[in-house]
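Below: the structure, in structure tokens.
The values are calculated or read from the model by the stated rules, or taken from the named source; none is laboratory data. Being a predicted model, the structure only gives us computed values, none of them experimental. Please note: Cβ atoms are built from the backbone with ideal geometry, for glycine as well, and neighbour counts cover all protein chains shown.
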Amino acid sequence: MIKSKAILISYFDKNLYSIGKISANTIKKYANKNGLGFKIFQNVKISRPPAWTKIFLINYLLRSKKDYNFIIWVDADAMFVNFNKDLYLVKHKINGKETPNTGFFVVKNTAWSKDFFNRVWKMKKYLYNNIWENAAVADLLGYKDIIVINQKREFIEMLSYKFKLRFLFNMLKKLLMKKHQLARPLNKSIQELRSEFKKNNNPLLKKVKWLDKKWNSVPEDKSSNPIIKHYPNCSNNLRLKYMKKDFENLNLKNVQ
């Protein structure tokens, strides 16, 4: 692994193995091309749902003896599809109406970052929220409007982890969501949701810069020239289908 003061990291467990391997191959190629360190974590055990592993790892690396200047996170269901040489770390765009999305982010190793991610970790009320740790980040940054509290759904989610019956409870959860409309409606576009946000004057945003959406292109809000494609809010089967297709369209042998 190339020695660097910046590191690209990701994590996946056995449930996301097929998807994670595709993502990991693109992360490795991107890191090598741009002189970055990289690490794909797999065997990490925490007493929370897997989505919270990213916060655990960020907190760990912010205090690591490696003393990284920047930590760059990529979700296992996201992958690089563009291998340009520039990392664009200094080309962020500030847009107070954007929704924080923790599928991809860059963390500067500062006292502020250590405090912020420690506070994220402590927000246990979102352990089983439908957007997991993203809800905690959104809350701290003043984007509470995007957080949906669903006590019945979260109770089912909690039971599924406590008793390790993910498959059974996922089926039950889908049935209850359909019957009682517990899930957040997905028929609104990202633009429509943004228009509902109130002006956000959260002081923490003074320390936040927004990346262009090409760094986290999602189906609901696509970039015309994505660097990373991300597939949240869909089944693992669909994720694998889309990511396999994207990977087939890449010619990694020609990426130098």
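Of the residues ASN25, ASN15, which single one is under 29 Å from LYS122 (Cα atoms) and polar (S, T, N, Q)?
Only one candidate passes the filter, namely ASN15.
For region 36-72, name all the residues that are closer than 26 Å to ILE227 by Cα, in contact with a Leu (Cβ under 9 Å, 6 or more places away or on another chain), touching a residue at least 40 places away in the same chain (Cβ under 8 Å) and not aliphatic (A, V, I, L, M).
TRP52, TYR68, PHE70
Do the conditions hold for ILE149, that is, is it within 20 Å of the chain's Cα centre (by Cα), farther than 17 Å from TRP52 by Cβ and of a type outside the set (Gly, Ala, Ser)?
It is true that ILE149 is within 20 Å of the chain's Cα centre (by Cα), farther than 17 Å from TRP52 by Cβ and of a type outside the set (Gly, Ala, Ser).
Exactly one of (1) at pLDDT below 90; (2) surrounded by fewer than 19 Cβ atoms within 10 Å (Cβ to Cβ); (3) under 18 Å from the mean Cα position of the chain (by Cα) is unmet by MET123. Its number?
Going through (1) at pLDDT below 90; (2) surrounded by fewer than 19 Cβ atoms within 10 Å (Cβ to Cβ); (3) under 18 Å from the mean Cα position of the chain (by Cα) one by one, MET123 breaks only (1).
Would you mention how many residues in region 219-243 are surrounded by 20 or more Cβ atoms within 10 Å (Cβ to Cβ) and either hydrophobic (A, V, I, L, M, F, W, C) or assigned to a helix (DSSP H, G or I) (or both)?
4
Condition (residue is buried (at least 17 other Cβ atoms within 10 Å of the Cβ), of a type in the set (Phe, Trp, Tyr), at pLDDT 90 or above and farther than 25 Å from TYR231 by Cβ) applied to region 103-117: is it met by at least one residue?
Within region 103-117, one or more residues are buried (at least 17 other Cβ atoms within 10 Å of the Cβ), of a type in the set (Phe, Trp, Tyr), at pLDDT 90 or above and farther than 25 Å from TYR231 by Cβ.
Pairs only if they're at least six apart or on different chains, beta carbon under 9 angstrom, first in region 196-212 and of a type in the set (S, T, N, Q), second modelled with pLDDT of 80 or more and outside any loop (DSSP other than H, G, I, E, B); list them, first residue then second.
ASN202/LEU140
Please report, ordered by residue number, the helices (runs of 4 or more DSSP H) entirely within region 134-210 with at least 1 residues that are among the aliphatic types (A, V, I, L, M), modelled with pLDDT of 80 or more and over 23 Å from VAL74 (Cα atoms).
151-162
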